[in-house]
Amino acid sequence: MSEGNSHLPLSDMTVIAVEQYGAGPFGSMLLADLGADVIKIENPADGGDVGRLVGPFYFGEGDSHFHQAFNRNKRSITLNLKHPKGKELFRGLVAGADAVLDNLRGDLPEKLGVTYEALKDANPAIVCAHLSAYGREGPRKSWPGYDYLMQAETGYLSVTGEPDGPPARFGLSIVDMMTGLMAAFALLGAVHGARRTGRGQDVDVSLFDTALHNLTYLATWYLNGGHVQGRVPRSGHPSLTPSQLYRTRDGWLFIMCNKEKFWPLLAQALGHPEWATDPRLSSFKARLENRELVTELLDGALTARTTDEWMAELGGRIPVAPVYDVGQALDNPFVREHDRLGAFARREGGEAVEMLGSPIRLGGGPVPRRAAPALGADTEAVLRGLGVDPAEIAALRRDGTI
């Protein structure tokens with residue numbers, strides 16, 4: 001552990017990541033942000049992580065904006081796990097690691113030998129965290145699967161969008177990112193246990209299970225009361241109002257009076273203190289029964305001024321937010337002026353990559369900001385750490401192992 005990263009809570013952890021695309025890389029990136037040495041395994045026969053090729057925007061060949069967004073603060077080695085020598089080298093890495101994280105199709109970890117059963121003789125304390133579409137057991141273990149499919153099957157599309165419109169997915173790959181976070185959480189819990197007992201284990205998360213789990217209170221409403229939640233106009237809360245979109249002169253505001261104390265404050269700010277005592281509006285129950293009236297009244301008042309003017313008036317007093325596009329969200333002074341974005345330097349030199357920083361702030365010092373590594377940038381250094389000499393490294397390149 002060096003002086004420069006001693007404040008990072010995971011600086012004593014090594015994670016081998018057999019990953020590609022989004023969900024797995026997102027989870028291991030969160031670990032890398034906190035100081036874990038994440039060694040990303042990329043197959044040289046396939047040109048590395050397929051995410052390197054995901055457009056439409058690129059810094060250069062094999063260096064997509066998409067890939068950079070999911071792979072900061074890691075190291076990359078090229079290693080063919082289907083090659084006998086590749087398997088041997090992989091086991092050497094596992095011997096000195098705390099965990100292996102993969103996001104392979106459910107039937108592949110066993111075939112590639114990245115399960116606890118396959119690796120426990122190399123390291124009895126190794127944790128093998130598996131992130132798949134539908135799990136490693138059951139009739140769907142060999143099914144491919146992606147975020148949007150999970151949103152469709154677990155009900156997200158049925159509660160997103162306007163009631164008279166078609167079903168709509170969440171605008172981001174939220175299931176991928178939530179499952180990556182779930183994998184990182186499970187991995188950390190299992191490593192904690194392995195350090196206490198000396199025994200590792202397999203831990204599994206899936207896109208489907210995470211998407212289903214996120215139904216939380218909607219699931220409880222159905223399972224205990226038979227209520228099937230549908231879509232509410234203007235992205236409204238199913239049981240509280242005002243808690244939805246409202247029109248301004250030039251756009252939209254999202255207002256959330258999710259505590260009773262905010263309704264009289266809003267009524268006063270809008271120049272209608274009488275609304276606070278109007279029996280049609282004076283309680284959660286009354287306002288829900290008269291949701292359309294609340295919408296009509298608030299639209300009428302709010303369209304007198306612009307979104308920015310209302311934010312200046314209401315911000316900090318009423319729970320309110322402007323509705324921005326992605327560009328406006330990132331150019332927001334609240335984002336720009338508080339270190340939420342940054343330049344991530346490339347170890348190979350060249351122009352830094354502008355990206356979002358980690359959402360976690362540590363009291364002891366900054367979170368690292370290194371751009372995603374070039375394909376195989378750390379192969380030789382990692383193999384030298386295993387005792388592989390330069391001549392053997394050259395031979396491994398010739399036969400396609402690395």
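Before moving on, here are some points about what is shown:
- Extension reserve of the ARG361-LYS82 stretch, reckoned as 0.36 nm per residue once the Cα distance is removed: 96.5 nm
- For GLN268 and THR306, the FRET efficiency from 1/(1 + (r/R0)^6), where r spans their Cβ atoms and R0 equals 22 Å, is about 0.65.
- For the range 35-86, applying the loop criterion from DSSP together with a ceiling of 15 other beta carbons within 10 Å to the chymotrypsin sites (Phe, Trp or Tyr not before Pro) yields PHE57.
- Binning the C-alpha pair distances of the range 114-187 at 5 Å intervals from 0 yields a P(r) profile of 3, 14, 17, 18, 17, 12, 8, 6, 3, 2, 1, 0 %, listed from the shortest bin outward.
- Counting only protein heavy atoms and using a 1.4 Å probe, the accessible area of THR277 comes to about 110 Å².
- For the range 298-398, the spread of Cα positions along each principal axis, largest first, Å: 77, 32, 22
- Under the span-like rule (Cα at least 18 Å along the axis, Kyte-Doolittle mean at least 0.5), DSSP H helices of the chain: 174-197
- Here the simple spin-label model places points 7 Å from the Cα toward Cβ, and for ARG280 and ASN5 these points are separated by 6.3 nm.
- Gain on full stretching of the segment that runs from ARG91 to ASP331 - 0.36 nm per residue minus C-alpha separation: 81.8 nm
- Helical contribution to [θ] at 222 nm, DSSP H n ≥ 4, -39,500 (n - 2.57), averaged over the chain, rounded to 500: -10000 deg cm²/dmol
- Distance histogram for the chain (every C-alpha pair counted, 10 angstrom bins, percent rounded to whole numbers): 4, 18, 25, 22, 16, 9, 4, 1, 0
- Counted over all Cα-Cα pairs of the range 130-249, pairs farther apart than 25 Å make up 39 percent.
- Exposure check, 1.4 Å probe, all protein chains in place: LEU149 carries approximately 90 Å² of accessible surface.
- A straight line joining the Cα centroids of the range 257-271 and the range 121-159 runs 44 Å.
- Rounded accessible area of ARG247 (nearest 10 Å², 1.4 Å probe): 110
- Label-to-label distance for HIS237 and ASP164 is 2.6 nm, based on points extended 7 Å past Cα in the beta-carbon direction.
- Distance violations [Cα-Cα > 20 Å] among LYS87/LYS120; LYS74/LYS111; LYS85/LYS141; LYS259/LYS285; LYS87/LYS141; LYS111/LYS141: LYS74/LYS111; LYS85/LYS141; LYS87/LYS141
- The range 245-289: relative contact order as a whole-number percent, Cα under 8 Å and 6+ apart: 20
- Of the solvent-accessible surface of the chain, computed with a 1.4 Å probe and all protein chains present, 56% belongs to carbon and sulfur.
- Potential extension, THR220-ARG196 segment - 0.36 nm per residue separation minus Cα distance: 5.1 nm
- Cα-Cα P(r), the range 1-118, percent of pairs per 10 Å interval: 14, 43, 33, 10, 0
- Peptides ranked, highest mean first, by Cβ atoms within 10 Å: ranges 239-245, 177-183: 177-183, 239-245
- Two-site FRET efficiency, ALA391 against TRP143, from Cβ-Cβ distance with R₀ of 41 Å, rounded to 0.05: 0.40
The values are calculated or read from the model by the stated rules, or taken from the named source; none is laboratory data. Note that the coordinates shown come from a computational prediction; the quantities given were computed from them, not determined experimentally. Reconstructed Cβ throughout: ideal geometry from the backbone, glycine too, with neighbour counts over all protein chains shown. The accessibility values were calculated without ligands, DNA or RNA, using every heavy atom of the protein model including side chains. Shrake-Rupley method; radii C 1.70, N 1.55, O 1.52, S 1.80 Å.
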